[in-house]
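Everything on this sheet refers to the single structure shown next.
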Amino acid sequence: MISADTAGVTIKEVFIMGKFFEDIEVGEKYSTPARTVTEGDIVAFAGLSGDFNAIHTDEVFCRQIGLPGRISHGLLTLSILTGLHERVGYTEGTILAFLGMNNLSYGKYVTPGDTIHAEVEVTGKRESSKPGRGIVTSRFTGVNQNGDKVLDCEMVVMIRRRPE
């Protein structure tokens, strides 16, 4: 913690540490904050990724094929959900590596105006072959404002062990 006194007002900067490997329990569940997906998100992601598929960029085409309008890129939905996960602080300062994602599947499509969040459950943990770290596996489920599943996968990360 760093403190400073400026004109009689004390300002403190606190660094919150996420959970260490030893602190994580299999079966633990938590939710992220929610965020509304905007049309601007979809347009920006199309430009960033180069994916200008008509289902993401052409409102008329989407309606002609039975969609309610443009839909989010699957990878945009995943990116937003992983960003929301970072806001929780669960692994702030303790995550060492994102090792992989297994069995990624999408449910209901996401459209501009949908509000999504992630529900996370720790499903496994194991020692690493290297000291000072462990491997944690979690079920990662994206849900919209109606409770519909929009994404589901298993995420595997490497987490720091508590310093001795």
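The values are calculated or read from the model by the stated rules, or taken from the named source; none is laboratory data. This structure is a prediction, so every number in the text was calculated from the model and none was measured. For neighbour counting, all protein chains shown are included, and Cβ atoms are generated from backbone atoms with ideal geometry for every residue, glycine included.
Figures for the structure shown
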| quantity | calculated |
| --- | --- |
| Every residue from region 120-164 that is under 26 Å from GLY69 (Cβ atoms) and among the charged types (D, E, K, R) | ASP148, LYS149, ASP152 |
| Yes/no for PRO131 being at pLDDT below 95 and under 20 Å from VAL43 (Cβ atoms) | no |
| Check on SER79, among the hydroxyl-bearing types (Ser, Thr, Tyr), at pLDDT 95 or above and surrounded by 13 or more Cβ atoms within 10 Å (Cβ to Cβ) | yes |
| Residue in region 49-70 that is modelled with pLDDT of 95 or more, of a type in the set (S, T, N, Q) and crowded, with 18+ Cβ neighbours inside 10 Å present | no |
| Number of positions in region 88-142 that are polar (S, T, N, Q), surrounded by fewer than 12 Cβ atoms within 10 Å (Cβ to Cβ) and over 22 Å from LEU76 (Cα atoms) | 1 |
| Any hit, region 136-150, residues being under 23 Å from GLU39 (Cα atoms) and in contact with a Pro (Cβ under 9 Å, 6 or more places away or on another chain) | no |
| Any hit, region 46-69, residues being among the acidic types (Asp, Glu), outside any loop (DSSP other than H, G, I, E, B), within 19 Å of GLU154 (Cα to Cα) and out of contact with any Phe, Trp or Tyr (no Cβ under 6 Å at 6 or more places or on another chain) | no |
| Residue, farthest from ARG161 (Cα to Cα), within region 37-93, restricted to residues that are free of Cβ contacts under 8 Å to residues at least 24 places away in the same chain and aromatic (Phe, Trp, Tyr) | PHE61 |
| Scope region 70-93; condition within 18 Å of ALA44 (Cα to Cα), hydroxyl-bearing (Ser, Thr, Tyr) and part of a loop (DSSP other than H, G, I, E, B); matching residues | SER72 |
| Selection status of LEU78, among the aliphatic types (A, V, I, L, M) and farther than 22 Å from MET101 by Cα | no |
